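Worksheet: the structure to be examined is printed underneath.
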């Protein structure tokens, strides 16, 4: 950054100089990946709880909010670490500007995390009555059991804007035409369903066959449509010269080409065919492998899509 002073007015003129390299790196990728898991398990869990009885989904009531709690805190921790002045984050709550997507998102994510924490505690004590009997808050938690059902619809509602607001921030970035709001919003939602179903597959061992089949179906549908969108952008983003130049980092071969297609194979193609096959004949080992590759593939895909627009000079 360069400075100069106008002698007549003593005004300081600051000229922003282009920063070389990538500013939003692996921390932001991890941020988005963890947020997709944290919100996705709630969205997919809500779908399963609507379709199946509580007895068919052993442990879901407390494992679902626990997984969400862990990954939401990873998301919030790396958001805080990425800030140049992390202590200033308190101003989002003390002096909020409601026209800012970051402010609105921070408030929603904080409320979401608070409600998830309460749900995880209630669900755990309901699932483990022997622990509840020795708990000092046993009576309070027993009375709050009904709170779980009352607050859950609001948590599901909050999960949608919490998983989407990052797409708004990306779309607001000037001269980053690859990050278009409509496509990014859809990709963020599909990513949540994709890794939400993948995460729940690992805890579904004791669930009913129908519930496991629904998980495989959600995984297959979400990876299919997400892959379709990536292919549409990869092959048909020719109306914008900036989008074409950005995608040249993938089209022309090299590191980002390899990472992009590795992400597509691991995160989308392999899980799709395994999940479709699992609908016909259940194979627990294969579906867990598909869930693992979906989690890895989404991280790689998000990483490429985040970094390549930053490779272009904005001058």
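The values are calculated or read from the model by the stated rules, or taken from the named source; none is laboratory data. Because the structure is a prediction, the values reported are computed rather than measured. Here the Cβ is made from the backbone with ideal geometry for all residues, glycine too, and neighbour counts use every protein chain on show.
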Exercise for the section: Report yes if residue 198 is at negative phi, crowded, with 18+ Cβ neighbours inside 10 Å, in a helix (DSSP H, G or I) and at pLDDT 90 or above, otherwise no. Expected result: yes
Handout entry: Residue match in the range 66-85 (condition: in contact with a helix residue (DSSP H, G or I) (Cβ under 9 Å, 6 or more places away or on another chain), modelled with pLDDT of 85 or more, surrounded by 18 or more Cβ atoms within 10 Å (Cβ to Cβ) and more than 16 Å from residue 110 (Cβ to Cβ))
Key = yes
Practice task
Determine if the range 284-291 includes at least one residue that is surrounded by fewer than 20 Cβ atoms within 10 Å (Cβ to Cβ) and either in contact with a strand residue (DSSP E or B) (Cβ under 9 Å, 6 or more places away or on another chain) or under 20 Å from residue 187 (Cα atoms) (or both).
Solution key: no
Practice task
Return a yes/no flag: does the range 108-119 have any residue that is within 24 Å of residue 167 (Cα to Cα) and modelled with pLDDT under 80.
Solution key: no
Practice task
May I ask you to list the residues in the range 228-269 that are closer than 12 Å to residue 309 by Cβ and in contact with a helix residue (DSSP H, G or I) (Cβ under 6 Å, 6 or more places away or on another chain)?
Solution key: 237, 246, 249, 250, 256
Handout entry: Conditions (1) surrounded by fewer than 13 Cβ atoms within 10 Å (Cβ to Cβ); (2) at pLDDT below 85: number failed by residue 154
Key = (2)
Fill in the blank from the handout: With criteria (1) modelled with pLDDT of 90 or more; (2) in a helix (DSSP H, G or I), residue 166 comes up short on (1)
Problem - residue 204 under 24 Å from residue 284 (Cβ atoms), modelled with pLDDT of 95 or more and crowded, with 20+ Cβ neighbours inside 10 Å - result: no
Exercise for the section: Evaluate the following for residue 33: is it at pLDDT below 90 and touching a helix residue (DSSP H, G or I) at 6+ places or on another chain (Cβ under 9 Å)? Expected result: no
